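**Q** My questions will all concern the structure given below.
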Amino acid sequence: MRAAYRSVGENLGKAAERQKRYYDLRVKPASFRSNDQVWLWSARRRQGISPKWQRRYIGPYTVVEQVGPVDYRIRRSAKSKAFIVHVDKLRPYLSPAIPEGRMTPSNAQGVPSADEVASTDDDATTELEFAEGHTGHEDYRHDTGTDKGGTGQPQGQPRSVGTDGV
């Protein structure tokens, strides 16, 4: 019986070493500097909401300092209390890039007025076209008024039956 336990222990040790080797091959060491912005993993699950739509990370938090080889002290704001978390619960926060021409408070100066935009809009719909229902944006994806079965008959009307019963 002791030989069986010894054999099981040896095999478990070999399996653990093998799993560690595979883990070390794919893991990427994460490191953050002081004042870096990070997301914090939140294990909170809200009832009634699908996990697909729940936010898994909260933040951004600011890294205060590295406490140990894998622990960081972070805080939400300058007035909040800092706390220590493991590096595995952190992800780098990338500030959202604002596309060129998008309205922000910093680039709000020199914004053209509505009249300037309307006078330069080549694709603008005239009042006559709008009143007649022609906007110039007709598209094959819009409803054509035919049924979904592809018979070509207007919706809501029965198909005509020919003399041959088709």
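The values are calculated or read from the model by the stated rules, or taken from the named source; none is laboratory data. None of these values were measured; they are calculated from a predicted model. Note: ideal-geometry Cβ built from the backbone for every residue, glycine included; neighbour counts use all protein chains shown.
**Q** Working only within the range 80-92, note down all residues that are without any contact (Cβ under 8 Å) to a residue 40 or more places away in the chain and under 16 Å from ASN35 (Cβ atoms).
**A** Selection gives SER80, ALA82.
**Q** Only one residue in ALA16, ALA3 is of a type outside the set (Ser, Thr, Tyr), at pLDDT 90 or above and surrounded by 10 or more Cβ atoms within 10 Å (Cβ to Cβ). Which one?
**A** Among ALA16, ALA3, only ALA16 is of a type outside the set (Ser, Thr, Tyr), at pLDDT 90 or above and surrounded by 10 or more Cβ atoms within 10 Å (Cβ to Cβ).
**Q** Continuing with the same structure: Tell me which residues, restricted to the range 3-26, are within 35 Å of the chain's Cα centre (by Cα) and not basic (Lys, Arg).
**A** Correct list: GLN19, TYR22, TYR23, ASP24, LEU25.
**Q** Inside the range 28-60, can you point out the residues that are assigned to a strand (DSSP E or B) and either surrounded by fewer than 11 Cβ atoms within 10 Å (Cβ to Cβ) or polar (S, T, N, Q) (or both)?
**A** Within the range 28-60, GLN37 is the sole residue that qualifies.
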